[in-house]
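Asker: My structure is below; once you've seen it, I'll send some questions.
The values are calculated or read from the model by the stated rules, or taken from the named source; none is laboratory data. All values reported here derive from a predicted model rather than from experimental measurement. Note: ideal-geometry Cβ built from the backbone for every residue, glycine included; neighbour counts use all protein chains shown. When the accessible area is computed, the model is the full protein with side chains, heavy atoms only, and any ligands, DNA or RNA have been set aside. Shrake-Rupley method; radii C 1.70, N 1.55, O 1.52, S 1.80 Å.
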Amino acid sequence: MSDSTQYEPAMLASHDDDAISDEELLTGTGSGGVFASGYLRDKPLIEYLGESERVSHLLSNKKKGVRRETDDDSTAFTPGDDYRAIAAVTDTRVLFVVGGCDDGDEMFGVPYTEIEDVKTNRGVLKKSVDVWTTSGVRWRFYVRSSVDLRSAAEYLERAAVVWSRVESQLQHARKHIAAISDHTSERDHEAAREAAKNAREYVEEAQRKATELTEDRADAIWERIQLTEQRLDEGALNIHVSRAKADVASAERLWRQEQYNDAYDAYLAARNQYERALDLARERDLSVADDIRARADQVTQSIDRLSKSPLQRAEETFEEATAATELSTRVDLLADALEKYQSALVLDWGNDTQRFAGDSDEIRTTIEAVVDELVGARRELADKHWRAGNWYSDAGQFDQAREELTAAREHVDAALTVAEELKPGLTAELAAAKRELDADLDRVGTDDADDAAPDDDETDEPSVRDRVTRLWTERDWETTHDREGVVDVVATREAPIPEKQLLVVEERSPDGECDQSVVESAVAVRDADGDADVVVVVTNGSFTERARSLAREHNVKLLDGERLDEALDAAGFATTDV
């Protein structure tokens, strides 16, 4: 409290004790004399008060001062000559200041939370007010018998009781506020909300108790409540913010999983939590309001991006499919694009308002175009496997023939499924192709396929593996065929340096291709082996560009059909030599 204008006293002072006014007791310093009353020596009473401490009653005496008594001790603190002792009954405590003691002014403060009892005593010339504390100390302050102590004593008694009750409620509230923090950090938001509810009930009860003393919100008891209430508000705000963060994390996860409506709902829940936190921050004038507003705006921006994402991803996948050079990759991307466009088309079905970008008619038109591309690509890939299957069948390699023809039928089946749902005009041609494939599969290995066993004097054409083995053996490598799995031939030699090579042989039809999966398998088996210096993929067909790129990246050697024939020719072997 910096000056006397900061309080509006409802004071009781000893006006008949040298006619000293309340303002003089608050602001006066110095000793008196024959015709003047003294005050405090070191500084005026007002400077002993807290910055916002408010005075309710003032009492003073010139000689008796204040006495501190316990069961074991009693000490009197009396003012020096021409100084006085003052008891200030404030909104937080009883403050005793004794002026002009041996070492200057003496000051003692007794908070209301420590007061257990208040009594008044009356003598012939003097009265006293006794203040008992919870620690067993009695403070006794004297005034002249003409001073009416009733108002001061009643205020002291009431303040001690109310402060004790209020503090009890606030202690309970603070325990629940601490629980809010613990539960929030553990993301147990329901438990945090329950703790906040309980804390709020205790704070409200403290407020009801405080009105029994004063309704002036500037008094210290209300400031005490407001400090706890502010902590509670911050805890409640943190619950909203924590829930919002959890909802944002859930929305982002659902978005990655392409569960767009669920992601949208999670973002809406997050924004609602931020807005509730913002309302609380503004209502309580908390400093975090701007930060929460920024977070809510970020969620709004995320919702905007999410609303565009399904169609955007579909368009990007379709563009990637159109640019793909490998037919199998193009088929996979087109199928993915179709699924994404279909998802974008139905996302808003059942929603009260449109959430996601895109015109339904335009999306349907694009879906038709994707279906045309996908059916065409699958049919082209099926034809490729179909030709390979017939070639293997003609060559008497029936297992490979069935494998290729089955792959062809799978692509035709997939194309037919799409056509039946989205492009019925294409189903007749695809159904006919499926019947022809089924017939070819049924003929594999039968007399109708001209695949009878050769005469004893006929010589079978050596397999690609046999030719590779012969080529490496001619180059002074020791070869074995007893390795199972991806590797077909293991080649080793001791000179000019010890070396070990793993040979992966992929037999294909003349126009068959090895894609990147063959290279990926070769890399995996080399890394798992641990001792191999080189892994070589050999085929009588060719490699896709993606397979060649991946081989360069992982240091895998490739030998296609053309280079294999050249190597065999250079070694002096015909393709039919064993």
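Asker: Test each condition in (1) of a type in the set (Gly, Ala, Ser); (2) more than 23 Å from residue 239 (Cα to Cα); (3) open to solvent by 90 Å² or more (accessible area, probe 1.4 Å) for residue 287 and report the one that comes out false.
Answerer: It fails just one condition, (2).
Asker: Give me the pairs, please: first residue somewhere in the range 360-383 and charged (D, E, K, R), second residue anywhere and not in a helix (DSSP H, G or I), beta-carbon distance under 9 Å, and either six or more positions apart or on two chains.
Answerer: 368/423; 372/423
This table checks each residue for (1) under 59 Å from the mean Cα position of the chain (by Cα); (2) more than 17 Å from residue 75 (Cβ to Cβ); (3) among the polar types (S, T, N, Q).
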| position | (1), (2), (3) |
| --- | --- |
| 115 | yes, yes, no |
| 128 | no, no, yes |
| 136 | yes, no, no |
| 147 | no, yes, no |
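One line per residue, one yes/no per condition, for (1) out of contact with any helix residue (DSSP H, G or I) (no Cβ under 9 Å at 6 or more places or on another chain); (2) small (Gly, Ala, Ser); (3) without any contact (Cβ under 8 Å) to a residue 12 or more places away in the chain; (4) at negative phi:
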{"site": "283", "(1), (2), (3), (4)": "no, no, yes, yes"}
{"site": "293", "(1), (2), (3), (4)": "no, no, no, yes"}
{"site": "307", "(1), (2), (3), (4)": "no, yes, no, yes"}
{"site": "310", "(1), (2), (3), (4)": "no, no, no, yes"}
{"site": "314", "(1), (2), (3), (4)": "no, yes, no, yes"}
{"site": "332", "(1), (2), (3), (4)": "no, no, yes, yes"}
{"site": "336", "(1), (2), (3), (4)": "no, no, no, yes"}
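Asker: So residue 385 clears everything in (1) in contact with a His (Cβ under 8 Å, 6 or more places away or on another chain); (2) modelled with pLDDT of 90 or more except one condition, right? Which one?
Answerer: Every condition holds for residue 385 apart from (2).
Asker: Could we say that residue 204 is of a type outside the set (A, V, I, L, M) and assigned to a helix (DSSP H, G or I) here?
Answerer: Taking the combined requirement at face value, the residue satisfies it.
Asker: Looking at 389, 396, which is the one that is closer than 22 Å to residue 441 by Cα and not in a helix (DSSP H, G or I)?
Answerer: Unique residue meeting the criteria: 396.
Asker: If you don't mind, there's one more thing I want to ask. Residue check: is residue 146 at pLDDT 90 or above and not in a strand (DSSP E or B)?
Answerer: Judged against the criteria, residue 146 is not a match.
Asker: Can you tell me which residues in the range 472-487 are in a loop (DSSP other than H, G, I, E, B) and modelled with pLDDT of 85 or more? Working first, answer last.
Answerer: Pass one, the range 472-487, residues in a loop (DSSP other than H, G, I, E, B): 475-477, 481-487.
Answer for the range 472-487, where residues must be in a loop (DSSP other than H, G, I, E, B) and modelled with pLDDT of 85 or more: 475, 476, 477.
Asker: Can you pull out every residue in the range 354-365 that is part of a helix (DSSP H, G or I) and either open to solvent by 60 Å² or more (accessible area, probe 1.4 Å) or under 21 Å from residue 265 (Cα atoms) (or both)?
Answerer: 361, 362, 364, 365
Asker: Okay, moving on. Limited to the range 186-222, what total is found for residues that are touching a residue at least 12 places away in the same chain (Cβ under 8 Å) and among the hydroxyl-bearing types (Ser, Thr, Tyr)?
Answerer: The total comes to 2.
Asker: Another question, then. Within the range 114-126, which residues are among the charged types (D, E, K, R) and either outside any strand (DSSP E or B) or modelled with pLDDT under 90 (or both)?
Answerer: Just the residues of the range 114-126 that are among the charged types (D, E, K, R), to begin with: 114, 116-117, 119, 122, 126.
Scanning the range 114-126 gives 114, 122, 126.
Matching residues to (1) open to solvent by 20 Å² or more (accessible area, probe 1.4 Å); (2) touching a Gly at 6+ places or on another chain (Cβ under 8 Å); (3) within 18 Å of residue 274 (Cα to Cα):
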residue: 178; (1), (2), (3): yes, no, no
residue: 190; (1), (2), (3): yes, no, yes
residue: 203; (1), (2), (3): no, no, no
residue: 217; (1), (2), (3): yes, no, no
residue: 235; (1), (2), (3): no, no, yes
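Asker: Identify, please: which residue in the range 45-61 is part of a loop (DSSP other than H, G, I, E, B) and open to solvent by 20 Å² or more (accessible area, probe 1.4 Å) and is, among those, nearest to residue 98 (Cα to Cα)?
Answerer: 50
Asker: Moving on. Scan the range 145-160 for residues that are surrounded by 17 or more Cβ atoms within 10 Å (Cβ to Cβ) and not small (Gly, Ala, Ser) and jot them down.
Answerer: 147, 149, 155, 156 - these are the residues of the range 145-160 that are surrounded by 17 or more Cβ atoms within 10 Å (Cβ to Cβ) and not small (Gly, Ala, Ser).
Asker: Which residue, of 381, 347, 311, is touching a Leu at 6+ places or on another chain (Cβ under 7 Å) and either surrounded by 14 or more Cβ atoms within 10 Å (Cβ to Cβ) or closer than 30 Å to residue 441 by Cβ (or both)?
Answerer: Among 381, 347, 311, only 381 is touching a Leu at 6+ places or on another chain (Cβ under 7 Å) and either surrounded by 14 or more Cβ atoms within 10 Å (Cβ to Cβ) or closer than 30 Å to residue 441 by Cβ (or both).
Asker: Of these, 492, 469, 459, 446, which one is at pLDDT 85 or above, surrounded by fewer than 19 Cβ atoms within 10 Å (Cβ to Cβ) and out of contact with any helix residue (DSSP H, G or I) (no Cβ under 7 Å at 6 or more places or on another chain)?
Answerer: Criteria check complete, one pass: 492.
Asker: Sticking with this one: Among the numbered criteria (1) acidic (Asp, Glu); (2) under 30 Å from residue 53 (Cβ atoms); (3) part of a helix (DSSP H, G or I); (4) open to solvent by 80 Å² or more (accessible area, probe 1.4 Å), which one does residue 182 miss?
Answerer: (2)
Asker: Just to be sure I understand, how many residues within the range 120-144 are open to solvent by 80 Å² or more (accessible area, probe 1.4 Å) and touching a residue at least 24 places away in the same chain (Cβ under 8 Å)?
Answerer: Number of matching residues: 1.
Asker: So which pairs qualify, if the first residue must be in the range 496-524 and touching a residue at least 12 places away in the same chain (Cβ under 8 Å) and under 26 Å from residue 392 (Cα atoms), the second must be of a type in the set (Lys, Arg) and part of a loop (DSSP other than H, G, I, E, B), the Cβ gap must be under 7 Å, and the two must be at least 6 apart or on different chains?
Answerer: So the pair list comes out as 514/508.
Asker: Under the condition of being of a type in the set (S, T, N, Q) and free of Cβ contacts under 8 Å to residues at least 24 places away in the same chain, which residue from the range 237-271 is least open to solvent (accessible area, probe 1.4 Å)?
Answerer: Filtering the range 237-271 for residues that are of a type in the set (S, T, N, Q) and free of Cβ contacts under 8 Å to residues at least 24 places away in the same chain, the one least open to solvent (accessible area, probe 1.4 Å) comes out as 250.
Asker: So, residue 97, is that one farther than 27 Å from residue 209 by Cβ and surrounded by 15 or more Cβ atoms within 10 Å (Cβ to Cβ) or not?
Answerer: Yes, satisfied.
Asker: On to the next question. I need a count of the residues in the range 388-432 that are open to solvent by less than 50 Å² (accessible area, probe 1.4 Å), more than 23 Å from residue 367 (Cβ to Cβ) and of a type in the set (Gly, Ala, Ser).
Answerer: Matching residues across the range 388-432 total 8.
Asker: I need the strands (runs of 3 or more DSSP E) fully contained in the range 66-113, keeping only those with at least 1 residues that are of a type outside the set (A, V, I, L, M) and in contact (Cβ under 8 Å) with a residue 60 or more places away in the chain. Before you say what the answer is, go through the steps one by one.
Answerer: On the way: elements: 66-69, 74-77, 85-90, 93-101, 104-111.
The qualifying strands (runs of 3 or more DSSP E) are 66-69, 85-90, 93-101, 104-111.
Asker: I would also like to ask the following. Is there a residue in the range 62-73 that is at pLDDT 90 or above, buried (at least 24 other Cβ atoms within 10 Å of the Cβ) and under 60 Å from the mean Cα position of the chain (by Cα)?
Answerer: No: zero hits.
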